[in-house]
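In what follows, a structure is listed as structure tokens, so that the remarks can point back to it.
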Amino acid sequence: MTGKRRVASARASGPLKGDVRVPGDKSISHRALMMATLAIGRSNIEGLLTAEDVLATAAAMRAMGAGIAIDGTRITVDGVGLGALGEPDGVIDFGNAGTGTRLTMGIVAGHPIAATFVGDASLSRRPMGRVANPLREMGAEVVARSGDRLPLTIRGPQTLAPIEYRLPVASAQVKSAILFAGLNAPGETTVIEPVPTRDHTERMLAAFGATVRRTPSPEGLRITVTGREPLRPCDVTVPADPSSAAFPIVAGLIVPGSELVVRDVMLNPSRIGLITTLVEMGGALTMENERDAGGETIADIRVVASRLKGVTVPADRAPSMIDEYPVLAAAAAYAEGTTRMEGLEELRVKESDRLAAVAAGLAANGVPHATGADWLEVTGRAATIGGGMVTTHLDHRIAMSFLVLGLGADRAVTVDDASVMETSFPGFVDLMTRIGGTIEVEA
Ligand code: S3P
């Protein structure tokens, strides 16, 4: 799906200065398109992330009947209503998008239709059994390549059975897929979440008029959705993505003399583990102008370059910063001492094996580090950082994290494929260049 491979290099840059806004949150953008499709009538979405991953979800929703008009970051969606989705004529290509694939599996399971999903080499390696299995328990048929990998076909039954399901992995995607399926199952579907994960689905379902109950229990949070209630259209304002904001934030902390403001960043508590960690490391981050926007707290984050120190990041923080470990590794390369990150098993099944990809990129660029099955240690302030080529493995966050590493490095850091950044952060290079970063992309 991404364009031609393009090599990009980042090198030591002068102080980074300026005032920027990163694109809309990817998790919220996918969900807004999906819920608007399941509502009857028109929803307006403002600030949608118009990156490849989300555009794949828009195409999937269109293929099942939604009317979607995109004008810049303003979108109107004419939803067809729960239970009324049509069967797509062709195969749905989700490109690199794990969230789009897994959540749409839940939606299809709740309808008596069949849909076939394909994706790029990265998505085709990722495990789908974590979603397919609970949906099978509810009565959906899922046929996939061995290991429950894409290509995959899912067919929903006439009537899906509601279930109670305890999440075996801390995954908002699995939770959300089951809740989406439960929307069209008669009765109550409950997901039990032993470890909290991002709660955008629950919040947004309530805004679209679904009955969602959250009850603490000794086994974890019980999230219950009542099926077969119509969803009503809702206008959604998408806040800036904290996972994208992470790149200018870390860059501003590590490049000496920098001072930046990153605007409108969503501060949902289930997403801000990186900010907590960077503050513990001594990062000068100030939340300014904190306010509510569309049910989420947002703020402008002021970043002042700081002398960071290594810390231990506990395993229980992982779900709230799961996509930010690669860029934290870049920050840790400039911190005094060692940063230890624990509870990283899920990094093995992201767009790449992120633990292996980060370790290889650090090794190529002279950053001392050690890894185990589910942990990473990075020791900062090596005598010479940079000079290496990083393999991105079709992983946007590996590409952007290592370009950030390069902005503070002694020698250039090169990534083998900059085009992958289009999946989540169109305009990354322009934004970083505008604040003073030196990033060159091969023509
Ligand atoms: C996401 C959940 C996380 C995250 C992904 C987006 C979501 O995945 O890594 O980028 O929008 O629900 P898991 O649910 O696999 O942890």
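The values are calculated or read from the model by the stated rules, or taken from the named source; none is laboratory data. Small disclaimer: the values here were computed from a predicted structure and weren't measured. Note that each Cβ is placed from the backbone with ideal geometry, even for glycine, and that neighbours are counted across all protein chains shown. Side chains included, ligands, DNA and RNA excluded: accessible areas come from the protein's heavy atoms. Shrake-Rupley method; radii C 1.70, N 1.55, O 1.52, S 1.80 Å.
Evaluate the following for LEU221: is it assigned by TED's automatic domain parsing to the domain that holds LEU135, touching a Pro at 6+ places or on another chain (Cβ under 8 Å) and outside any loop (DSSP other than H, G, I, E, B)?
Numbers: assigned by TED's automatic domain parsing to the domain that holds LEU135: yes; touching a Pro at 6+ places or on another chain (Cβ under 8 Å): yes; outside any loop (DSSP other than H, G, I, E, B): yes.
Against the criterion (assigned by TED's automatic domain parsing to the domain that holds LEU135, touching a Pro at 6+ places or on another chain (Cβ under 8 Å) and outside any loop (DSSP other than H, G, I, E, B)), LEU221 qualifies.
Consider only pairs whose beta carbons are under 7 Å apart and that are at least six residues apart or on different chains; among these, list those whose first residue lies in segment 155-177 and is closer than 21 Å to LYS26 by Cα and within 7 Å of the ligand (Cβ to nearest atom) and whose second residue is open to solvent by 40 Å² or more (accessible area, probe 1.4 Å) and assigned to a loop (DSSP other than H, G, I, E, B).
ALA170/VAL195
Quick check on ALA170: is it touching a helix residue (DSSP H, G or I) at 6+ places or on another chain (Cβ under 9 Å) and part of a loop (DSSP other than H, G, I, E, B)? Steps first, please.
On the way: touching a helix residue (DSSP H, G or I) at 6+ places or on another chain (Cβ under 9 Å): yes; part of a loop (DSSP other than H, G, I, E, B): yes.
Yes: the conditions hold for ALA170.
If SER243 passes every condition in (1) within 15 Å of the ligand (Cβ to nearest atom); (2) assigned by TED's automatic domain parsing to the domain that holds GLY187; (3) of a type in the set (S, T, N, Q) but one, which one does it miss?
All conditions pass for SER243, except number (2).
Considering segment 347-380 alone, what residues qualify as being out of contact with any Asp or Glu (no Cβ under 6 Å at 6 or more places or on another chain) and surrounded by fewer than 16 Cβ atoms within 10 Å (Cβ to Cβ)?
ARG348, ALA356, ALA363, PRO368, GLY372, ALA373
When you check ARG228 against the structure, is it of a type in the set (D, E, K, R) and either under 22 Å from SER401 (Cβ atoms) or outside any loop (DSSP other than H, G, I, E, B) (or both), yes or no?
Numbers: of a type in the set (D, E, K, R): yes; either under 22 Å from SER401 (Cβ atoms) or outside any loop (DSSP other than H, G, I, E, B) (or both): no.
No; evaluated as a whole, the condition is false for this residue.
Can we say GLU46 is among the acidic types (Asp, Glu) and touching a Ser or Thr at 6+ places or on another chain (Cβ under 7 Å)? Reasoning before the result, please.
Details: among the acidic types (Asp, Glu): yes; touching a Ser or Thr at 6+ places or on another chain (Cβ under 7 Å): yes.
Here the answer is yes, as GLU46 does meet what is asked.
If you scan segment 184-213, which residues turn out to be away from the ligand (no atom under 16 Å from the Cβ) and touching a Lys or Arg at 6+ places or on another chain (Cβ under 7 Å)?
Once the filter is applied, which keeps residues that are away from the ligand (no atom under 16 Å from the Cβ) and touching a Lys or Arg at 6+ places or on another chain (Cβ under 7 Å), segment 184-213 yields ASN184, PRO186, THR190, PHE208, GLY209.
Please enumerate the residues belonging to segment 168-189 that are open to solvent by 10 Å² or more (accessible area, probe 1.4 Å) and more than 21 Å from ASP241 (Cα to Cα).
Of everything in segment 168-189, those that are open to solvent by 10 Å² or more (accessible area, probe 1.4 Å) and more than 21 Å from ASP241 (Cα to Cα) turn out to be PRO168, VAL169, ASN184, PRO186, GLY187, GLU188.
Exactly one of these conditions fails for ASP199: (1) outside the structural domain of LEU38 (by TED's automatic domain parsing); (2) open to solvent by 10 Å² or more (accessible area, probe 1.4 Å). Give me its number.
For ASP199, the exception is condition (1).
Do any strands (runs of 3 or more DSSP E) lying entirely in segment 241-313 carry at least 2 residues that are within 20 Å of the chain's Cα centre (by Cα), touching a residue at least 24 places away in the same chain (Cβ under 8 Å) and crowded, with 16+ Cβ neighbours inside 10 Å, and which ones are they?
On the way: elements: 259-266, 284-293, 296-304.
So the answer is 259-266, 296-304.
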